[in-house]
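A short worksheet on the structure shown next.
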Amino acid sequence: QHNTKTYQYEDYKETADWILAQTNQRPKVAIICGSGLGGLADLLEDKTVFPYESIPRFPTSTVQGHAGKLVFGKLQGRECVCMQGRFHFYEGYDMHTVTYPVRVFSLLGVETLIVTNAAGGVNEAYSVADIMLIKDHINMPGFAGQNPLCGHNDERFGVRFPCMSDAYDRRLRDLAKQTAAEQGCGSFLQEGVYCMLAGPTYETIAECRFLQTLGADALDGTPELMS
Ligand SMILES: O=P(O)(O)O[C@@H]1C[C@H](O)[C@@H](CO)O1
Ligand SMILES: Nc1nc2[nH]cnc2c(=O)[nH]1
């Protein structure tokens, strides 16, 4: 379990080049669909679908409800690529494998990454089914040395010690708030601090209190945000 794999630039490039040879679509936006959100990929038009097991070096989904397909297509006329199913640390994948697709996306030419997940709210002002825009995060496994950026750093993917004080693009968050208001979703849109945890248990009452004290508003296990 969690035998840390190391990947070279050439591994990501091989996967990206294979995808680029299979489709003419060149999306600038990638959307990672968390639990219950895979239906978004079904809404794309002019779809090209790749089951994960058909993509060289791509991990495969083992969690129920995560279809395991990479779907290219148009959403509202705009090209995008959706991951219909994501990978989780608790499945036994190491952090580099969970986040493998993110580096592939950057080599496909993706500039904007939208990450979604089904998280547990610990902010008592939130209600079930609220949507939370992430404005900042606490990476708990990162404090224990489980960070997807650990290991050899290839500068082609970014600097060794990236600044994280502006990790979540303010312009995109403003756009999301504006769009939510236009779509009538403003009343259940929150903005808060996301806390990354390893799972696969939910937290005890004492742990939830501890995390609330730290300033966490919602909990889940999505290291793609830190990659
Ligand atoms: O893929 P996400 O992070 O949305 O899925 C979360 C993690 C577990 O698979 C499940 C726990 O409720 O939801
Ligand atoms: N660790 C953790 N992961 C989750 N994924 C969805 N909800 C939760 C939660 O409450 N805690």
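Go through segment 180-198 residue by residue and tally those that are over 20 Å from residue 126 (Cβ atoms) and exposed (fewer than 14 other Cβ atoms within 10 Å of the Cβ).
Result for segment 180-198: 1.
So which residues in segment 120-148 are closer than 24 Å to residue 12 by Cα and either of a type in the set (S, T, N, Q) or in contact with a His (Cβ under 9 Å, 6 or more places away or on another chain) (or both), if there are any at all?
Across segment 120-148, the qualifying residues are 146, 147, 148.
From (1) in contact with a Lys or Arg (Cβ under 7 Å, 6 or more places away or on another chain); (2) buried (at least 16 other Cβ atoms within 10 Å of the Cβ); (3) of a type outside the set (Lys, Arg), pick out the condition that doesn't hold for residue 111.
(2)
Quick one: in segment 201-213, of everything that is surrounded by 12 or more Cβ atoms within 10 Å (Cβ to Cβ) and under 23 Å from the mean Cα position of the chain (by Cα), which residue is nearest to ligand 2 (Cβ to nearest atom)?
203
Is there a residue in segment 84-101 that is more than 24 Å from residue 19 (Cβ to Cβ) and among the aliphatic types (A, V, I, L, M)?
Step one: list which residues in segment 84-101 are more than 24 Å from residue 19 (Cβ to Cβ), which gives 89-90, 92.
If we keep only those that are among the aliphatic types (A, V, I, L, M) too, we end up with none.
Taking every residue of segment 84-101 in turn, none turns out to be more than 24 Å from residue 19 (Cβ to Cβ) and among the aliphatic types (A, V, I, L, M).
Can you tell me which of 81, 102 is among the β-branched types (Val, Ile, Thr), modelled with pLDDT of 95 or more and part of a helix (DSSP H, G or I)? So that I can check it myself, show each step before the final result.
On the way: 81 fails: part of a helix (DSSP H, G or I).
Sole residue among the options that is among the β-branched types (Val, Ile, Thr), modelled with pLDDT of 95 or more and part of a helix (DSSP H, G or I): 102.
Quick test of your reading of the structure: residue 227 fulfils all but one of (1) more than 26 Å from residue 97 (Cβ to Cβ); (2) more than 14 Å from ligand 2 (Cβ to nearest atom); (3) not β-branched (Val, Ile, Thr). Name the failing condition by number.
Failing condition for residue 227: (1).
The values are calculated or read from the model by the stated rules, or taken from the named source; none is laboratory data. Predicted model, so just to flag it, every value in this text is computed and none were measured. Note that we place each Cβ from the backbone using ideal geometry, even for glycine, and neighbour counts take in every protein chain shown.
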